[in-house]
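J.: Structure below; questions to follow.
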Amino acid sequence: MSAHLQTPAIITSSRSRREAIFESAPERESVHPVRDSVQPLSVRSSAAFSVAPARLFYALTIPEYIETWLTAPDIDEVHCSGNPAAGEALSIELRLNHRATASIFADYKNISAQDLNLRWYLRSRTHTCVSQLHIAIRTVRADALLHIRHTGFSNPSDWHWHQELWGLSLTKMQMVIR
């Protein structure tokens, strides 16, 4: 398996685009330019896989597969139900020490083999965060590229939690999808 995980480029409204790109990228890694339409507090990540794009699509829409790669901060169990491929929303329960700590309701607004658009509801005991998630699957030569764009965060703690979630999850996805 050949995989590459880019460092997410995060843009906030208080910094210029150039400053944000260079502050978020370690010196050794390259970051692709970010479009001007990026909303404040957005998470962008990409990864390349040497698999057929259909395998990534299945990993993103089948609850049993999502349970194997979805990795949230400070969570040790993930339970999923629903059938996004049949138009049903995905319900995800996040647990720590066998106790539910948060839940995610992922409503797939548009779903195709190349693009998934979701409304993402994260709910914990203290608050609810509603955001939008766009996942694109592209093919370049023999690789399938996965692009994540998660937008609509209203506060830095929600943004930071989701930045960690996608970093951990894409790393694990690269290990399990071969």
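The values are calculated or read from the model by the stated rules, or taken from the named source; none is laboratory data. Computed from a predicted model, the values in this text were never measured in an experiment. Counting neighbours? That spans all protein chains shown, and the Cβs are built from the backbone with ideal geometry, glycine included. Surface areas here come from the heavy atoms of the whole protein model, side chains and all, with no ligands, DNA or RNA. Shrake-Rupley method; radii C 1.70, N 1.55, O 1.52, S 1.80 Å.
J.: Which ones in the stretch 104-154 are of a type in the set (D, E, K, R), part of a strand (DSSP E or B), under 19 Å from Ala48 (Cβ atoms) and open to solvent by 40 Å² or more (accessible area, probe 1.4 Å)?
T.: Hits for the stretch 104-154 are Arg138, Asp143, Arg149.
J.: Among the numbered criteria (1) touching an Asp or Glu at 6+ places or on another chain (Cβ under 9 Å); (2) at pLDDT 95 or above, which one does Tyr108 miss?
T.: Looking at each condition in turn, Tyr108 falls short on (2).
J.: While we're here: Would you please name the residue that is farthest from Trp69 (Cα to Cα), looking only at residues in the stretch 83-97 that are modelled with pLDDT under 95 and surrounded by 15 or more Cβ atoms within 10 Å (Cβ to Cβ)?
T.: Per the criteria, the residue is Ala89.
J.: Now a separate question. Does Ala100 satisfy the criteria of being farther than 16 Å from His150 by Cβ and either free of Cβ contacts under 8 Å to residues at least 40 places away in the same chain or surrounded by 19 or more Cβ atoms within 10 Å (Cβ to Cβ) (or both)?
T.: yes
J.: Additional query: Pick from Ile75, Ile92: which is touching a residue at least 12 places away in the same chain (Cβ under 8 Å) and part of a strand (DSSP E or B)?
T.: Just a single option satisfies the conditions, and that option is Ile92.
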